[in-house]
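Step one of this worksheet: look at the structure below.
The values are calculated or read from the model by the stated rules, or taken from the named source; none is laboratory data. Remember, predicted model here, so these are calculated numbers, not experimental data. As a convention, Cβ positions derive from the backbone with ideal geometry for all residues, glycine included, and neighbour counts pool all protein chains shown.
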Amino acid sequence: MEKASGSHLRRAEKQLLKEQVYEELLPTSLKRTGHFLMAIDIRRKWILIDAASRKKAEEALDLLRLTLGSLKVTPMATSDRPTALMTRWLAASTERAEGWALGEFCQLESPSGNDGVIKVSEVDLDSDEIQQHLDGGRICSALSIARTGQLAMQLQDDLGLKKIKFDDALLEHADSGDDEASRFDADAHIHIPALAAVVEELITLLGGESVPTLEDTPEDAVQASKAA
């Protein structure tokens, strides 16, 4: 600019030019890209989102709303609280539903939430140590469980599912495909129906679906959502 004008820019002019450059380039220079995996089950009216957090799941729903124009969803809720089911399964093997087994992780809390959180991993969950914590009044707020022949997962007290791992026998049915896209489609063809069926069975074990209340439902609870 100095060569074009034939004169030196004053300090104020340089500062103004700097601010203009920042204003034009900053919005594009800090953009981050990402992707979400989402399954829409039309028959069950579910939206299943693979996200690192509920905030990320909400962002995925926002993008879906933007694409569709509008989208009304409610967080998945059940008649029985997950903590009640997990605590019963942890307390007695006879309480566990047929075809379901425990993994090696659980998280125990006091009902008041004032006595800290105990996380136990890679141990026998039927051990005396676990039973002592339960006898002391603690409840289970996260538990690794497995549906035989289908998948293993970690159930959370808000119905979130973490660390989902499909059974090796199930994966054998997937077509390897010739490229990444075809392999993804083949895996999705196996994984999504299996996951939906297991979630449906789990909801039945929790007393079936219920309408969430404001007390039970945090604003960002959307990882397992029901489309209205």
* Residue check, A77 modelled with pLDDT of 85 or more and surrounded by 13 or more Cβ atoms within 10 Å (Cβ to Cβ) -> yes
* Only residues that are in a loop (DSSP other than H, G, I, E, B), within 13 Å of A91 (Cβ to Cβ) and charged (D, E, K, R): list them for the range 114-131, please. => D126
* Asked: If you check G137, G149, G116, which single one turns out to be at positive phi and free of Cβ contacts under 8 Å to residues at least 12 places away in the same chain?
  -> G116
* Within the range 117-167, track down each residue that is within 19 Å of V199 (Cα to Cα), out of contact with any strand residue (DSSP E or B) (no Cβ under 6 Å at 6 or more places or on another chain) and surrounded by fewer than 13 Cβ atoms within 10 Å (Cβ to Cβ). => T148, G149
* Would the range 217-224 turn up any residue that is closer than 15 Å to A39 by Cα, in contact with a strand residue (DSSP E or B) (Cβ under 7 Å, 6 or more places away or on another chain), among the hydrophobic types (A, V, I, L, M, F, W, C) and at pLDDT below 90? -> yes
* Determine whether the range 8-15 contains at least one residue that is within 23 Å of F184 (Cα to Cα), modelled with pLDDT under 85, in a loop (DSSP other than H, G, I, E, B) and not aromatic (F, W, Y). => no
* For the range 171-182, enumerate the residues that are surrounded by 12 or more Cβ atoms within 10 Å (Cβ to Cβ) and at pLDDT below 80. => L171, A174, D175, G177
* To do: Would you please name the residue that is nearest to G160 (Cα to Cα), looking only at residues in the range 58-81 that are free of Cβ contacts under 8 Å to residues at least 24 places away in the same chain and not basic (K, R)?
  => E59
